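A short worksheet on the structure shown next.
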Amino acid sequence: MRTALALCLSLFALTAAGASPSATGASPSDLSAEQIARNVQDRDTGKDSRAELRMKLFDRRGRVRDRALTLMTLRRPAGDRSLIRFMYPNDIRGTGFLVWEHPQGDDERFLYLPSLGRVRRIAGNEAQESFVGSDFSYEDIGGREFDDYTYALLDENAAWTGPDGSSRPAYRLESRRKDKSVEFPRVVSLVLKDSFVVVQAEVYNRRNEKQKVYMVRRLQQSQGIWTVMDSVMTNDLDRTRTELTIDKIAYNTGLTEETFSRRELEGAGK
């Protein structure tokens, strides 16, 4: 499954737009596990988006580090684009992360570190490593390859209890990595039936231990698009957590491909 914010980030809930249950020719109760996963990947999130976010990193002693960043995304038939820029604090300011998705090939991920003054390509075997010291991985942020996983529907009558105490129907979907040697080969997600937003995900390591848990803490509509406004990723083994909050977001702003070039990535630090 691709992006955002892919566990889901459709983790950031800023992924490509596309299919719906009616587009697949099936009602929600008739969907297969793969169709559900496709709908998570393809749900409507506009042509492009701009967002301002805050990230809080908590270590095992409860100490916190604050970060501020921007996220821009662009939907393209030939593969989506996304660009993250860190604005605060000074020790990470200018760091940028660029993702080029390729529907028929491996995605490309580039990290710009101002201290090195150059762009570093993130290799496929690094995709599950920590993203700039957070509890999210590069593939949590930059997206998963749909065909790298197999899917199983564990429960078609699950439910998600939202922060306001209300209950919404959901699917419980399992995603298993075909390459079982990766650090996190299995994810079990709760997917809302009415919007195909991933609102919870349990991430299992090679020992089949539940190591990380992603949870949505605030979900709302912005310009008619369901958007994860506040979420958290906890690492139960390391006893750390990372919180992500969207302060401002706008869809369909008129972004162009030029915004997502390697030149622009390096410009994040200037």
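For the stretch 55-155, the convex hull spanned by the alpha carbon atoms encloses 150 Å³ per residue. Summing +1 for each Lys or Arg and -1 for each Asp or Glu among the other residues whose beta-carbon sits under 11 angstrom from that of Glu202 gives +1. Per-residue 3J(HN,Hα) values for the stretch 148-157, derived from phi via the Karplus relation 6.51 cos²θ - 1.76 cosθ + 1.60 with θ = phi - 60°, read 7, 10, 10, 10, 9, 8, 7, 7, 8, 10 Hz in sequence order (x marks Gly and Pro).
Here's the list of aspartates and glutamates a cross-link from Lys56 could span, going by alpha-carbon distance under 14 Å and ignoring same-chain residues fewer than 8 apart: Asp66, Asp135, Asp230, Glu243, Asp247. The Kirkwood radius of the stretch 150-258, taken over pairs of alpha-carbon atoms, gives through the Stokes-Einstein law at 25 °C and 0.890 mPa s a diffusion coefficient of 158 µm² s⁻¹.
For the chain, the dipole from Cβ point charges (+1 on Lys and Arg, -1 on Asp and Glu) about the Cα centre works out to 760 debye, to the nearest 20. Note on Arg186, Arg144: ascending count of other Cβ atoms within 10 Å places them as Arg186, Arg144, the fewest first. Ordering Ser189, Ile84, Gly143 by Cα displacement along the dipole of the chain toward the positive end leaves Ile84 in first place; charges were set at the Cβ atoms of Lys, Arg (+1) and Asp, Glu (-1). Mean residue ellipticity, 222 nm, helices only, the chain: the sum of -39500 (n - 2.57) across DSSP H runs of n ≥ 4, divided by residue count and rounded to 500, is -2000 deg cm²/dmol.
Partner lysines whose Cα lies under 21 Å from the Cα of Lys193, excluding those fewer than 8 positions away in the same chain, are not found. A straight Cα-to-Cα reach below 19 Å connects Lys210 with the lysines Lys178, Lys180, residues fewer than 8 places away in its own chain not being considered. With the convex hull of the Cα atoms taken as the outline of the chain, the averaged projected area works out to 13.8 nm².
Every number here is computed from the coordinates shown, using simple stated rules; none is lab data. On a predicted model such as this, the values are computed, not experimentally measured, just so you know. Quick reminder, even Gly has a Cβ in these numbers, built from the backbone with ideal geometry, and neighbours come from all protein chains shown.
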